[in-house]
Amino acid sequence: MGSPRTFRAAVLSAVKHDYVARGMASHPRFELVVVADDPHVPAWAHERNQQFADANHIPYVRDVERALHDFGAEVAIVSPEAKRHVDLSVRAALAGKHVVQDKPLSTSRSEAERLVEAIARTRVKFLMWNRNFVPAVRQARRQIESGAVGQVRAVHIDFYFAKDAGVPKGSRAPGYPPLDWHAHQIAAHVDGADGGLGKEPMGELAIEGIYPLGYLDMLTGAAVRRVFARATAHFHQLYADNGIEDLASLTLEMEGGVLGSVALGRIGLASHPSGGQIKVRVLGSEGAMVLNESCPEVGIYYRNQPAPEARQRRVANDNDFCLAENFAQAIDCDGDTIMNARTSLAIFATVEAALESSRCGQPVSVR
């Protein structure tokens, strides 16, 4: 029996999170062969794409369709600005390429549904990049499946991550013009603090909600039926100026009587020594468990340590490799991925309902 075949992958824009492409390339069955984007994207986008192509010793082509057809690609890795996610993913699917896409799924319901329809029609495989394979979450799933806590009744997730977004709220004198979202995100990309890259401001529910909601789906398998949410700009002037949230809480009514709750936010670099507090609490009919999402980890402290450097470091985290392996197995066996297009749409719909609830102050059904 021969070795499993290698999949050639086209990187369709690397301007948002190039860690998606790097994560896929960490698996020996995926080979990056070309970076591509549309010719009309701005100069800063071309520059970033070229830098990623040069770092990986592959060509950069300013023609998406040519890249999809001329380099033998079987997989498209999509990570442009959030608003362009669906466009590039649909074009790749219609060209017969399997798709790995950065989060969020989309910035609009109609576009999200267009992508789901395209994936269903072309029957290609789709994977939304996520964190469901971090060791602690996988262990929690194994414990639940073994019956360790009985039937799951409720799950609460804290998803606070310690990243800044410019100056603190209230630190600018009255009368200053609002901070420009797009300009800030372009500049913040250098150190990975860009969040929702694009001209349209996006709060943390839309940007990061996929992670805790993905955990809920993986641990319970229960669909969200109704949501009540509160959201505000509490920490960062950028969010306050653009009318979006950096802090939110959700209460979720789920099928089968399961209750879910999520608290999430971008809480500032100085708030935590290792990137943020991310914990999952599961209450079952026979017991309960609490897990720290960052574990296993080690603490590293030394004299003159730079202030921004994380003190606790994750170890044994093979999430990227496991996502790529899951995707390869889905292609090999005509199976499903850990987070397919329909699951991604369900998470999008939950976030959409949560944002509506935070505006109207009432529970909102997920549609």
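Every number in this text was worked out from the coordinates using simple rules, so none of it is lab data. Quantities reported herein were computed from a predicted structural model and do not represent experimental measurements. Counting neighbours? That spans all protein chains shown, and the Cβs are built from the backbone with ideal geometry, glycine included.
If we count other beta carbons within 10 Å of each Cβ, what is the order of Ile207, Ile77, Ile331, Ile300, fewest first? Could you put the intermediate results ahead of the total?
Numbers: Ile207 21, Ile77 31, Ile331 18, Ile300 12.
So the residues, fewest neighbours to most, are Ile300, Ile331, Ile207, Ile77.
Using a 10 angstrom cutoff on alpha carbons, build the Gaussian network for the chain and name the most mobile of Ala21, Ala43, Ala231.
Of the options given, Ala43 has the highest mean-square fluctuation.
Okay, helix-only estimate at 222 nm for the chain: each DSSP H run of n ≥ 4 adds -39500 (n - 2.57), divide by all residues, round to 500 deg cm²/dmol; what do you get?
So the calculated ellipticity at 222 nm is -10000 deg cm²/dmol.
In nm, what is the difference between 0.36 nm times the number of residues separating Ser3 and Leu259 and their Cα-Cα distance?
Going from the current span to full extension adds 87.6 nm.
If each Cα of the chain is one equal point scatterer, what is log10 of I(q)/I(0) from the Debye formula at q = 0.07, 0.08, 0.13 Å⁻¹?
The Cα Debye sum returns log10 ratios of -0.31, -0.40, -1.12.
For Ser146 and Arg123, FRET efficiency with R0 = 35 Å and r from the beta-carbon atoms, rounded to 0.05?
After rounding, the FRET efficiency stands at 0.55.
Output the relative contact order of the range 7-128, whole-number percent, from Cα pairs under 8 angstrom with separation of 6+ residues.
26
Once you have all Cα-Cα distances for the range 228-279, histogram them in 5 Å bins from zero and send the whole-percent values.
Calculated P(r), rounded to whole percents: 5, 19, 20, 20, 17, 10, 6, 3, 0.
I need two numbers for the range 7-128: Rg to one decimal and Dmax as a whole number, Cα atoms only, in Å.
So, for the range 7-128, Rg and Dmax equal 13.0, 37 Å respectively.
Can you run phi through the Karplus equation (6.51, -1.76, 1.60; θ = phi - 60°) for the range 55-72 and list ³J(HN,Hα) in whole Hz, with x for Gly and Pro?
Running phi through 6.51 cos²θ - 1.76 cosθ + 1.60 with θ = phi - 60° gives 5, 9, 6, 10, x, 10, 10, 8, 6, 4, 5, 5, 4, 5, 9, 9, 10, x Hz.
With +1 on each Lys and Arg Cβ and -1 on each Asp and Glu Cβ, how big is the dipole of the chain about its Cα centre, in debye rounded to the nearest 20?
Numbers: 40 positive and 43 negative charges, 110 e Å.
Computed charge dipole of the chain: roughly 520 debye.
Among 5-16, 239-250, 150-161, how do they line up by average Cβ neighbours within 10 Å per residue, starting with the highest?
Result, highest mean first: 5-16, 239-250, 150-161.
Given a 10 angstrom Cα cut-off, can you work out which residue in Cys333, Cys322, Cys295 is the most mobile in a GNM of the chain?
Highest fluctuation among the options: Cys333.
Tell me the label-point distance for the pair Arg303, Gln362, using the 7 Å Cα-to-Cβ offset, in nm and rounded to one decimal.
For Arg303 paired with Gln362, the spin-label model returns 6.5 nm.
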